[in-house]
1. Which residues, counting only those in the range 4-44, are at pLDDT below 70, in a loop (DSSP other than H, G, I, E, B) and either over 30 Å from Tyr55 (Cα atoms) or over 27 Å from the mean Cα position of the chain (by Cα) (or both)?
2. Residue by residue through the range 56-85, note down the ones that are surrounded by 10 or more Cβ atoms within 10 Å (Cβ to Cβ) and under 30 Å from Met31 (Cα atoms).
3. Is it the case, given these coordinates, that Ser33 is surrounded by fewer than 10 Cβ atoms within 10 Å (Cβ to Cβ), in contact with a strand residue (DSSP E or B) (Cβ under 9 Å, 6 or more places away or on another chain) and of a type in the set (Gly, Ala, Ser)?
Amino acid sequence: MNFDDSSPSSPQSARWPRRPRRPRSTLRVVMHSDLKIVEPLDTAYIVRSHGYLNYDTLFSMDAKGDIKPQMVDKYEVSKDQLTTR
């Protein structure tokens, strides 16, 4: 078993074995419960998390909180700002 000995004085260096490095191509996620429904309008956190992990969104918020297109190439907002095309 290989231990991380980069800092021998650290108590964690003797407890945690070093994991082999894997290519950064796969994201593995352990969820808190099983996914029973894939209905996007469901309010369960597991459904919401599944949607965000597997599907991209049309619009998202930037660092300032402004809504910006993410997957949308172009769009139009009506004069009354109630509908988009």
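1. Passing the criteria: Asp4, Asp5, Ser6, Ser7, Pro8, Ser9, Ser10.
2. Of the residues in the range 56-85, the ones surrounded by 10 or more Cβ atoms within 10 Å (Cβ to Cβ) are 57-61, 68-72, 75, 77, 84.
Residues satisfying the conditions are Thr57, Leu58, Phe59, Ser60, Met61, Lys68, Pro69, Gln70, Met71, Val72.
3. Numbers: surrounded by fewer than 10 Cβ atoms within 10 Å (Cβ to Cβ): yes; in contact with a strand residue (DSSP E or B) (Cβ under 9 Å, 6 or more places away or on another chain): no; of a type in the set (Gly, Ala, Ser): yes.
No: the conditions fail for Ser33.
The values are calculated or read from the model by the stated rules, or taken from the named source; none is laboratory data. These figures come from a predicted structure and were not determined experimentally. Ideal geometry is used to build each Cβ from the backbone, glycine not excepted, and the neighbour counts take in all protein chains shown.
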